[in-house]
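Asker: Structure incoming, see below.
The values are calculated or read from the model by the stated rules, or taken from the named source; none is laboratory data. Since we're looking at a predicted model, the values are computed, not measured. Because the Cβ atoms are built from the backbone with ideal geometry, glycine has one as well, and the counts that use them run over all protein chains shown. Areas reflect the complete protein model, heavy atoms only, side chains present, ligands, DNA and RNA absent. Shrake-Rupley method; radii C 1.70, N 1.55, O 1.52, S 1.80 Å.
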Amino acid sequence: MAEDQGVNGNMWNAEASVLFKKVGWNKIADANIDIQGFDNSINGIDTLMKYENPTSSSIEQGVFLEAKRYKTSSFQKQYLQKWILNLDEKIRKLKNSETFIDQYPEMGVTDARNGLLLIWFADIENYKPKYFQSLLDTIELPNYRGINSPNRIFVMDNQQILRISSIIDSVNSWQTDHPEFRFRFYYPSFEKNLNPIERKNILTLEYLYSKFIFAEAADKNNLEKKIVFYFGELNIHSFKRLKNALYKNSFIDKEKSLTLFTYKRDDENFRKIKPDIERLFEDIEFKMKAMIKHADLPPWLKNF
Amino acid sequence: MNKDYNYPSFFELEEVLSEMTKKKFVVDFAQKRGIFMTRAKQFEIAKELANLFFEDSDIEEIRNEAYQKNSNHTMAGFLLKSTERDFSLPSLYEKIRREGFSKEGQILNQLIEKKDENNNAVFEGRMEYEKNKIGRMEFLQKEKSSFDFYFKQNDANTWQVEVDCIKSTDSKELKKLLQNNTNRGTDFESIDQDQLTTEQAIEFFDELASKGLNNDWEFKDVKQLTFKKGNDTPDEEEEEEKEVGENHLSGIRQAILQGIHLRENPFVVQSVESGYKFTSMTYEFGNKNEPLVIQIKAEFKGRPKIFETSVVFFSKTIGAYAIEEEKTLSSHEDKTFRSLFWNNAKKIYDQLTKENN
């Protein structure tokens, strides 16, 4: 069978919600549910989740999660287009459906316009990130007419799934090494929201799709450490740009050490420029570390 | 010029993505990253994207797109013919840089050597300069400009200089700098309208329709044509300009498509007899192998009237319903088309002016 339905499909569904629970999301509904839309259509949904949005105190984000598990040999590019459009259509029908809101009132009070399509290619030895990347470019969204109520559909494949796993493990590892410190992700103030700075153990969709994530850790004496997880290129231009972003968000502080975790690997070239990068941050206590990187789903996800 | 590593604010990102780039770019930018906004207007997608944190290459991608869309680049050029044996223009340039022979306010960047498609060396440089302009509060204020340029050797004594102009003063600035630092015997040759007779100017524009681009492209249409009157006035502003209307344009288009010389076109004949000179023409070319269309403007501008080329429009027809979609060329692609057109124009110009010598 093309899609790994049945045991494997259900298992991946369950694994997907475990992954997001570990980044602070809450599961609202069990897997594989059929819900009536506002037009009385029946819509199958894998999982409903929500998370608190640290940059906006007023409303949580509701997410319709669809988990797909495939072998690369049986995946066809038209599936991606179909899944995205189908998920969007389901959200459109459900988010304003009385039946849906009655059945899942927790979703009813969220900004329920988010779809997350989580695709795991199980034959990792055949998976090619560039191929999947090229498929994203080919998706054509229709010209919508009528009521303008945008949805956000996020697509993740092996690369992003492993990246999230890496963040989780790198945080856990750091926390183990620094038990006296309390680690949290750091959300700066956004002028448009006038939100105060927040520190939470939640990763928003915006952070999951960003090239760097701010974090902080404090001990009981309020000694703070600044931490940044960086997923971009390892060249001097990128680090200069990153430094400017850190500077503007008050992450360059003579009294607070900064640990920069890098995700990408380019050992040969990186070794050459590492002294230059360290010189960029020579005014503060600065350390660089490599994030834990996974080639496959980590054991804690497979054996939950 | 030093690269700016400033990380843009949320508002700057939002503004650039919603006002200074096309919706297609913003949609593609999001999609490539796995983000699909359905039923969203451009400003809504821009707002969502502005909430993300980007790396340097993402910021540059946005900046390049906005820059290309919002600045009007033209290509102007000239030939430098020296009397010195084995003259090296890059060496002269480096000497000017090193010994400070440039004017105040001018900054000359290090040359970068690259190879063109024929594996010949091309030297790429950038120049910054200041020009006075009337200020809002001050009487005169300095305005900074910068542009890229390219040196290519044609033979032992001849170098070709191409200038990627944003302002019409750009190529003059570089030419003057080089003129001030070369000996009197050095010749600077441009495509100068004053060197063409009226008939030759018509022939020049006529030939560009078939020879302006390479064999992958064929002439489709004339989108714009301008005549100017007033050869003797030193002031470009005082020249009388005549923009040709669609009824005459269609006649000219037909003439070119049928291979009839423009000098036989009644409207052209009448304009010339009234003292007008051909000064600019915008050509539309279609690619023979792919569903691509390009519009290139060829214009004599300034005093003296120097030839410049610019890409006005580029599109690709896509999908089962053959929808034509305007595309923004990368700065390299844009420059390549302008340069090709300018170089082909130079060949036509050289052929025509050979008759005058």
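Asker: Among the helices (runs of 4 or more DSSP H) lying completely within region A:1-114, list those that include at least 3 residues that are under 23 Å from A:Pro299 (Cα atoms), of a type in the set (A, V, I, L, M, F, W, C) and modelled with pLDDT of 90 or more.
Answerer: On the way: elements: A:7-21, A:77-95, A:98-103, A:105-108.
Correct list: A:7-21.
Asker: Just to be sure I understand, how many residues within region A:207-223 are buried (at least 16 other Cβ atoms within 10 Å of the Cβ) and touching a residue at least 24 places away in the same chain (Cβ under 8 Å)?
Answerer: Counting residues in region A:207-223 that are buried (at least 16 other Cβ atoms within 10 Å of the Cβ) and touching a residue at least 24 places away in the same chain (Cβ under 8 Å) gives 9.
Asker: Answer with yes or no whether A:Leu301 is over 20 Å from A:Trp174 (Cα atoms) and either away from every other protein chain (no Cβ under 14 Å) or surrounded by 15 or more Cβ atoms within 10 Å (Cβ to Cβ) (or both).
Answerer: Working: over 20 Å from A:Trp174 (Cα atoms): no; either away from every other protein chain (no Cβ under 14 Å) or surrounded by 15 or more Cβ atoms within 10 Å (Cβ to Cβ) (or both): yes.
So A:Leu301 fails the test.
Asker: What are the residues in region B:160-189 that are surrounded by fewer than 22 Cβ atoms within 10 Å (Cβ to Cβ) and among the polar types (S, T, N, Q), if any?
Answerer: The answer is B:Gln160, B:Ser168, B:Thr169, B:Gln179, B:Asn180, B:Asn181, B:Thr182, B:Asn183, B:Thr186.
Asker: Another question about this same structure. Can B:Ile323 be described as within 14 Å of chain A (Cβ to nearest Cβ) and either open to solvent by 40 Å² or more (accessible area, probe 1.4 Å) or out of contact with any Asp or Glu (no Cβ under 7 Å at 6 or more places or on another chain) (or both)?
Answerer: On the way: within 14 Å of chain A (Cβ to nearest Cβ): yes; either open to solvent by 40 Å² or more (accessible area, probe 1.4 Å) or out of contact with any Asp or Glu (no Cβ under 7 Å at 6 or more places or on another chain) (or both): yes.
Here the answer is yes, as B:Ile323 does meet what is asked.
Asker: Here are A:Leu162, A:Leu194, A:Leu136: which of them is within 9 Å of another protein chain (Cβ to nearest Cβ) and not acidic (Asp, Glu)?
Answerer: Unique residue meeting the criteria: A:Leu136.
Asker: Taking region A:122-151, which residues are closer than 25 Å to B:Ala46 by Cβ, touching a residue at least 12 places away in the same chain (Cβ under 8 Å) and among the β-branched types (Val, Ile, Thr)?
Answerer: Matches in region A:122-151: A:Thr138, A:Ile139.
Asker: Also: Can you name the condition, by its number, that A:Ile84 falls short on among (1) in contact (Cβ under 8 Å) with a residue 24 or more places away in the chain; (2) touching a helix residue (DSSP H, G or I) at 6+ places or on another chain (Cβ under 9 Å)?
Answerer: For A:Ile84, the failing item is (2).
For every residue, the table says whether it meets (1) closer than 24 Å to B:Glu308 by Cα; (2) of a type in the set (S, T, N, Q).
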position	(1), (2)
B:Thr74	yes, yes
B:Phe78	yes, no
B:Lys81	yes, no
B:Asp86	no, no
B:Pro90	yes, no
B:Arg98	no, no
B:Gly105	no, no
B:Glu117	yes, no
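Asker: Which residue out of A:Phe154, A:Phe183 is hydrophobic (A, V, I, L, M, F, W, C), more than 9 Å from every other protein chain (Cβ to nearest Cβ) and touching a residue at least 40 places away in the same chain (Cβ under 8 Å)? Even if it seems obvious, please write down each step before you answer.
Answerer: Values: A:Phe154 fails: more than 9 Å from every other protein chain (Cβ to nearest Cβ).
Only one candidate passes the filter, namely A:Phe183.
Asker: Would region A:202-221 turn up any residue that is more than 10 Å from chain B (Cβ to nearest Cβ) and in contact with a Gly (Cβ under 7 Å, 6 or more places away or on another chain)? Spell out the reasoning first.
Answerer: Of region A:202-221, the ones more than 10 Å from chain B (Cβ to nearest Cβ) are A:202-203, A:215-221.
So of that shortlist, the ones also in contact with a Gly (Cβ under 7 Å, 6 or more places away or on another chain) come out as A:202-203.
Looking through region A:202-221, at least one residue is more than 10 Å from chain B (Cβ to nearest Cβ) and in contact with a Gly (Cβ under 7 Å, 6 or more places away or on another chain).
Asker: Follow-up question, since we're still on this one. Does B:Arg85 satisfy being surrounded by fewer than 16 Cβ atoms within 10 Å (Cβ to Cβ) and assigned to a loop (DSSP other than H, G, I, E, B)?
Answerer: Values: surrounded by fewer than 16 Cβ atoms within 10 Å (Cβ to Cβ): yes; assigned to a loop (DSSP other than H, G, I, E, B): yes.
Against the criterion (surrounded by fewer than 16 Cβ atoms within 10 Å (Cβ to Cβ) and assigned to a loop (DSSP other than H, G, I, E, B)), B:Arg85 qualifies.
Asker: Taking the condition of being crowded, with 20+ Cβ neighbours inside 10 Å, among the aliphatic types (A, V, I, L, M) and at the interface with another protein chain (Cβ under 9 Å from one of its Cβ atoms), how many residues in region B:14-38 meet it?
Answerer: 2
Asker: Checking the conditions here, which among A:Ile153, A:Ile164 is touching a Leu at 6+ places or on another chain (Cβ under 7 Å), among the β-branched types (Val, Ile, Thr) and part of a helix (DSSP H, G or I)? Working first, answer last.
Answerer: Details: A:Ile153 fails: part of a helix (DSSP H, G or I).
The conditions single out A:Ile164.
Asker: Also, quick follow-up: Considering only residues that are among the hydroxyl-bearing types (Ser, Thr, Tyr), open to solvent by 40 Å² or more (accessible area, probe 1.4 Å) and either under 24 Å from B:Gln295 (Cβ atoms) or modelled with pLDDT under 80 (or both), which ones fall in region B:251-274? Break it down into steps so the answer makes sense when it comes.
Answerer: Residues of region B:251-274 that are among the hydroxyl-bearing types (Ser, Thr, Tyr), as a first pass: B:271, B:274.
Pick out the ones that are also open to solvent by 40 Å² or more (accessible area, probe 1.4 Å) and you get B:274.
Matches in region B:251-274: none.
Asker: Test each condition in (1) within 7 Å of chain A (Cβ to nearest Cβ); (2) open to solvent by less than 50 Å² (accessible area, probe 1.4 Å); (3) assigned to a helix (DSSP H, G or I) for B:Phe11 and report the one that comes out false.
Answerer: For B:Phe11, the exception is condition (2).
Asker: Give just the number: which of (1) surrounded by 14 or more Cβ atoms within 10 Å (Cβ to Cβ); (2) over 13 Å from A:Phe261 (Cβ atoms) does A:Val228 not satisfy?
Answerer: With respect to (1) surrounded by 14 or more Cβ atoms within 10 Å (Cβ to Cβ); (2) over 13 Å from A:Phe261 (Cβ atoms), A:Val228 is out only on (2).
Asker: Another question about this same structure. If you check B:Lys316, B:Lys277, which single one turns out to be of a type in the set (Lys, Arg), in a strand (DSSP E or B), touching a strand residue (DSSP E or B) at 6+ places or on another chain (Cβ under 7 Å) and surrounded by fewer than 19 Cβ atoms within 10 Å (Cβ to Cβ)?
Answerer: Values: B:Lys277 fails: surrounded by fewer than 19 Cβ atoms within 10 Å (Cβ to Cβ).
Just one listed residue meets the conditions, B:Lys316.
Asker: Search region B:42-73 for residues being among the acidic types (Asp, Glu) and assigned to a helix (DSSP H, G or I), and hand back the single one that is farthest from A:Lys240 (Cα to Cα).
Answerer: B:Glu44
Asker: Being more than 10 Å from every other protein chain (Cβ to nearest Cβ), assigned to a strand (DSSP E or B) and not hydrophobic (A, V, I, L, M, F, W, C) is the filter here; which residues of region A:225-279 pass it?
Answerer: A:Lys225, A:Lys226, A:Asp253, A:Lys256, A:Ser257, A:Thr259, A:Thr262
Asker: Within region B:203-217, which residues are in a loop (DSSP other than H, G, I, E, B) and more than 17 Å from the chain's Cα centre (by Cα)? Explain how you work it out, then say what you get.
Answerer: The first filter runs over region B:203-217 and keeps only residues in a loop (DSSP other than H, G, I, E, B), leaving B:212-216.
Result: B:Asn214, B:Asn215, B:Asp216.
Asker: Something else about it: Could you go through region A:266-289 and let me know if any residue there is over 23 Å from the mean Cα position of the chain (by Cα), open to solvent by less than 10 Å² (accessible area, probe 1.4 Å) and either under 21 Å from B:Tyr5 (Cβ atoms) or not aliphatic (A, V, I, L, M) (or both).
Answerer: Just the residues of region A:266-289 that are over 23 Å from the mean Cα position of the chain (by Cα), to begin with: A:266-287.
Those still in the list that are open to solvent by less than 10 Å² (accessible area, probe 1.4 Å) too: A:277, A:281.
Of the ones still in play, those that are also either under 21 Å from B:Tyr5 (Cβ atoms) or not aliphatic (A, V, I, L, M) (or both) are A:277, A:281.
Yes.
Asker: Pairs only if they're at least six apart or on different chains, beta carbon under 7 angstrom, first in region B:332-349 and β-branched (Val, Ile, Thr), second assigned to a helix (DSSP H, G or I); list them, first residue then second.
Answerer: Close Cβ pairs (under 7 Å, with a partner that is assigned to a helix (DSSP H, G or I)) amount to B:Ile348/B:Phe204; B:Ile348/B:Glu207; B:Ile348/B:Leu208; B:Ile348/B:Lys211.
Asker: Would you say B:Lys242 is part of a strand (DSSP E or B) and modelled with pLDDT under 80? Step through it out loud before you land on a result.
Answerer: Values: part of a strand (DSSP E or B): yes; modelled with pLDDT under 80: yes.
Taking the combined requirement at face value, the residue satisfies it.
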